[in-house]
Structure formats: structure tokens, C-alpha cells
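Since the structure comes first, as C-alpha cells, the remarks are kept for the end.
The values are calculated or read from the model by the stated rules, or taken from the named source; none is laboratory data. All values reported here derive from a predicted model rather than from experimental measurement. Virtual Cβ from ideal backbone geometry, glycine too; neighbours counted across all protein chains shown. Heads up: the accessible areas ignore ligands, DNA and RNA and are worked out on the full protein's heavy atoms, side chains in. Shrake-Rupley method; radii C 1.70, N 1.55, O 1.52, S 1.80 Å.
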Amino acid sequence: MSRTPLIAGNWKMHKTGPEAVDSAKRLAQLSEGVADVDIMIAPTSLALPLVSQAVAGTQVRVGAQNLYFEKQGAFTGEVSGDMIRAAGAEYVLIGHSERRQFFGDTDALVCRKTRAALDAGLIPVVCIGETEKERDEEKTFFVLDKQVSDGLKGFGLEEIRTLVLAYEPVWAIGTGKTASVEQVEEVHRFLRKTLEEKFSGALAKETRILYGGSVKPDNVKDLMSIEDVDGALVGGASLDADKFINIIRYQ
Ligand code: PGA
């Protein structure tokens, strides 16, 4: 079973609408002819319609950085899965560590948001990862197991066929510290086994597991050569299309 790698750019709270459109167009131009790699960028929600239009018909797909789990209603400031889908996005990041750290996203919320994303026809990219303290205390596997169990609680096999999992050790995000090949290898193998035990061997084989945390043009090749790494979620190094393309063209 081959898994098409996914290289995703998380633009966080960077770039206004027009800036996002410019970068997205540049990236679409540079990625012409890229084969066997899925490409996704997640700009600010405000830019989703503009960016989706700008990259229509190209290799570049668009994702949101968050969603709310309700379909509609009196939830000031929130954005629903249907709104994201209607804006032209196909993916949505869920449970990014910055959401968990600054906005109170818990595993229970991740679970509801994942359900909402799937109901809206979006591909959820569910982010998990341990903090430095948790790693030092040797709780990494315990934490990841809990994030998967509680974040994906109650889903049937068929429902989460499109799910993408992103392992992002919190201590490696935006710090310039990348997890070592051995650390990533160990965790990704563990995550695939966890999916197998909690869901099925077939699902475990099909599910893409991305690595995220200070991925750069000069370390992407090593990371992508790890058997259970099926792509990258890239923050800082995705902001400049001329740099990001070197991650996308890692082969
Ligand atoms: P980084 O961010 O590549 O800047 O470390 C990764 C992420 O937050 O997804």
C-alpha cells in the first residue's frame, strides 16, 4: 500500500489576504510538474476563498488552520466546517499545539472538531505531540496514546479513512530543534501500531503520518527517508514559496 506524501504549509497568523494570494500563486508556479506529492497550504481563514481561487487548477490544495465543531449558530468569531469547505478548502488542521497551548483545545475538542471536519467533507489533519517536559519525564508514548485515543474516540473505520495524523513534538516547533531521525522513527512506528491496534491494520497502512517541527530544506530528505514518515507539516519554512518548494521537491 503506497501512501502519497503530503507536504503541508501552516502559515499561522502570517500574511494578509493579498500577501497570501501572491505567495500561493508563486508556489503554484514553482510546483508545476511536481509528481507523486500532495501539496497543501493553510493560510488565515480570511484568505481561504481568495487563495483557493488563485490556486484552482494547480497542484496546490488549501486548508484551514482550525474550525469550530458546531454547524452554525450563535458562536461569535467562529468558523464552521461548511464555511471552510464553501471557501474552497479541502483540509483543516485540528489540535495544533498552539491551539492546545493558547486556546484551550483539548483532546475532547479535537474529537468534536474532527467529527465536524469529516461531516463537512474536509480532510482532518490531526496534530499531536509531547512537550519537552513530557519527553524528559519519559511520558511521550503515554501522551501520544492518549491524544490518539481521546482525539479519535468513537470513530468508525470508514469514517476516518481520509484522516491525516501529524506528529509535532512541541519542543521542535519554531525552535530550530528538529527531532532526530531515531526519535521520529520510533514515534511514527509507535503511531502506526497504535492505529492498527485501535482501528485496523488496513487503516494503519493507509493513514498518512506527517512529521512537523522545524522542517527545513536541509533536513527534509532525511526525515522523508524514514519508512513511516509520509510527509511534513511545515511552519516557518513554508512562508517563502522559493524556500518551501525545496521542501516539496525533496526527492
Ligand atoms: P515550524 O512549525 O516548522 O516553524 O517549526 C511547524 C508547525 O507549527 O506546524
In whole percent, the fraction of accessible protein surface over the range 6-248 that belongs to carbon or sulfur atoms, probe radius 1.4 Å, stands at 51
Rounded to one decimal in nm, the spacing of the 7 Å Cα→Cβ label points at Glu70 and Gln101 is 2.9
Rg [Å, one decimal], Dmax [Å, integer] - the chain, C-alpha atoms: 16.8, 48
Can you work out the accessible area per residue across the chain, with the rest of the protein chains kept in place, probe 1.4 Å, in square angstrom? 46
Surface accessible to a 1.4 Å probe, Phe199 within the full protein complex, Å²: 40
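Leaving ligands, DNA and RNA out of it, rank Met40, Met83, Met224, Met13 by accessible area with a 1.4 Å probe, largest first. Before the final figure, lay out the partial values.
Numbers: Met40 0, Met83 105, Met224 25, Met13 185 Å².
Sorted descending by solvent-accessible area, the residues read Met13, Met83, Met224, Met40.
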So what's the net charge close to Ile209: Lys and Arg +1, Asp and Glu -1, counting the other residues with Cβ under 10 Å from its Cβ? +2
Calculate the translational D of the range 172-251 in whole µm² s⁻¹ from Stokes-Einstein, where the hydrodynamic radius comes from the Kirkwood formula applied to all Cα pairs, the temperature is 25 °C and the viscosity 0.890 mPa s. 187
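Beyond a 22 Å Cα-Cα separation, which of these cross-linked pairs lie in this structure: Lys113/Lys139; Lys25/Lys205; Lys133/Lys177; Lys177/Lys221; Lys25/Lys221? Each step should come with its number before you reach the end.
Details: Lys113/Lys139 25 Å; Lys25/Lys205 33 Å; Lys133/Lys177 15 Å; Lys177/Lys221 16 Å; Lys25/Lys221 25 Å.
From the list (Lys113/Lys139; Lys25/Lys205; Lys133/Lys177; Lys177/Lys221; Lys25/Lys221), the Cα-Cα distance tops 22 Å for Lys113/Lys139; Lys25/Lys205; Lys25/Lys221.
How far, in nm, would the chain grow between Glu227 and Gln29 when pulled straight, counting 0.36 nm per residue and subtracting the alpha carbon separation?
Numbers: separation 198, 0.36 × 198 = 71.28 nm, distance 2.97 nm.
Taking 0.36 nm per residue and subtracting the Cα distance, the gain is 68.3 nm.
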